[in-house]
1. Which number in (1) surrounded by fewer than 16 Cβ atoms within 10 Å (Cβ to Cβ); (2) assigned to a loop (DSSP other than H, G, I, E, B) marks the one condition that residue 315 misses?
2. Within segment 210-265, restricting attention to residues that are crowded, with 18+ Cβ neighbours inside 10 Å, β-branched (Val, Ile, Thr) and in contact with a strand residue (DSSP E or B) (Cβ under 8 Å, 6 or more places away or on another chain), which residue is modelled with the lowest pLDDT?
3. Within segment 25-45, does at least one residue satisfy the condition of being within 21 Å of residue 232 (Cα to Cα), open to solvent by less than 40 Å² (accessible area, probe 1.4 Å) and modelled with pLDDT under 95?
4. State whether one or more residues within segment 296-310 are farther than 24 Å from residue 211 by Cα, part of a helix (DSSP H, G or I) and open to solvent by 30 Å² or more (accessible area, probe 1.4 Å).
5. With the structure loaded, tell me whether residue 283 is touching a strand residue (DSSP E or B) at 6+ places or on another chain (Cβ under 8 Å), at pLDDT below 95 and under 30 Å from residue 324 (Cα atoms) or whether it fails that test.
6. Provide a single number: the residues in segment 258-284 that are within 26 Å of residue 180 (Cβ to Cβ), aliphatic (A, V, I, L, M) and part of a strand (DSSP E or B).
7. Is there a residue being touching a helix residue (DSSP H, G or I) at 6+ places or on another chain (Cβ under 8 Å) and open to solvent by 60 Å² or more (accessible area, probe 1.4 Å) anywhere in segment 192-208?
8. For segment 319-342, check the following and say yes or no: at least one residue is touching a residue at least 24 places away in the same chain (Cβ under 8 Å), part of a helix (DSSP H, G or I), closer than 19 Å to residue 119 by Cβ and open to solvent by less than 10 Å² (accessible area, probe 1.4 Å).
Amino acid sequence: MRQVEIRVLLVGPTSPPYAGVETATESLLIGLASTPGVVWRHLNTRKPVPNARRGTLNVMNLAWALRHIVRMMWACLWFSPDIVHMPVAHNRLGFMRDVCLVSCARLTGARVLLQAHNDSYDKFVATQPRLLRSVIIAVFRRAAAIAVQGESLRSQFQNLGLGARVTILSNHLEVERFRRARMRQKANGGFRVLLLGRVSVAKGALDLALAAVQASHRLQIPIELVFTGETVSQDASVAHLAHRSADVPVLIERALQSAPRGAVRVSYVGVLDREATLRELSSADVLALPSYSEALPYAVLEGAAAGLPILASEVGMIAELRSRGLRGEFVPPGDVQAIASALVSLTDPKRRVADGLSNTTVVEREFDQALLPSRLGTIYRGIMEGR
């Protein structure tokens, strides 16, 4: 007997901008194209708003939210999906839009798979007024499943009484693309540390610069910090981190005044597309992400796939990745002294090579794009069977 196909509507933005949710959507689109037993369509929720401003209440964000809601209702009516697979926001405005998107899906009889891209939904809920907290919990309970990226991220929903709805769906990337970066890696030169993400306090950009100044007094080689992405002074995209706002480049410039002359250099290369990211990875010695909040950051996976050691704060899935073989230096968030010591340790080139080889093995084994179709199929069948 021929198996009935599952109709999946994937909701999510594609690049630009080049950020985690966009990268995840594009990975899922590639995975869906090879997932047997699935008929799929994509509703693109891309909007021309800087990533860090998406949680801000303004006319543009409201207009785009309304547009997405109308298009969602139309897509559900003409496609009649069995499952709507969509990311869920972790800021107030974005979540209220998602309430409407979930309602559209449920009104047409579709089951909803919510994809979580953060490690702190429980903290987000705790910061909201009581009535809105109730609404958020109700929306999560209307979902057939909530996908998190690893076992260590379950607790945020267990704390909300939603643990039974949680399933695991990791981020994936095309590892083959990063082999080029590994092959082009430089053999000598200075010590180059790359931060992929936004230039913000929340991503640890200021902490990394302060730590580099401390480390420069202990090293005989110059440290070059390369910051990518938007320069953010008001980071509204993650609700519980909105208070961590500052004019980071100004603070970094002041910090560099206490470093020995020429010991620390900082460059801002702006927002990178996929090819530019590969070029930066090929010339880096370390991938740094001393962030205050992450789930399973693509920056870490990309750095590991490119054969780099990782310098990261122990948030989100970082500890879980370490248990699977990820190597580098791992520090408490906000611990500038620990980051400085990590930088000093990672100047050893033999250590960097060994760590990089281990990291590529981990990513190829567990997060390669080729693994995604079977994982998607398992989750979708489980939802249709009520498991």
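The values are calculated or read from the model by the stated rules, or taken from the named source; none is laboratory data. Please read these numbers as outputs of a predicted model, since none were measured by experiment. Reconstructed Cβ throughout: ideal geometry from the backbone, glycine too, with neighbour counts over all protein chains shown. To get the accessible areas, we keep the full protein, side chains included, count just its heavy atoms, and leave off ligands, DNA and RNA. Shrake-Rupley method; radii C 1.70, N 1.55, O 1.52, S 1.80 Å.
1. Failing condition for residue 315: (1).
2. It comes out as 232.
3. no
4. Looking for residues that are farther than 24 Å from residue 211 by Cα, part of a helix (DSSP H, G or I) and open to solvent by 30 Å² or more (accessible area, probe 1.4 Å), one finds none in segment 296-310, hence no.
5. yes
6. Looking only at that region, the number is 1.
7. no
8. There is at least one residue in segment 319-342 that is touching a residue at least 24 places away in the same chain (Cβ under 8 Å), part of a helix (DSSP H, G or I), closer than 19 Å to residue 119 by Cβ and open to solvent by less than 10 Å² (accessible area, probe 1.4 Å).
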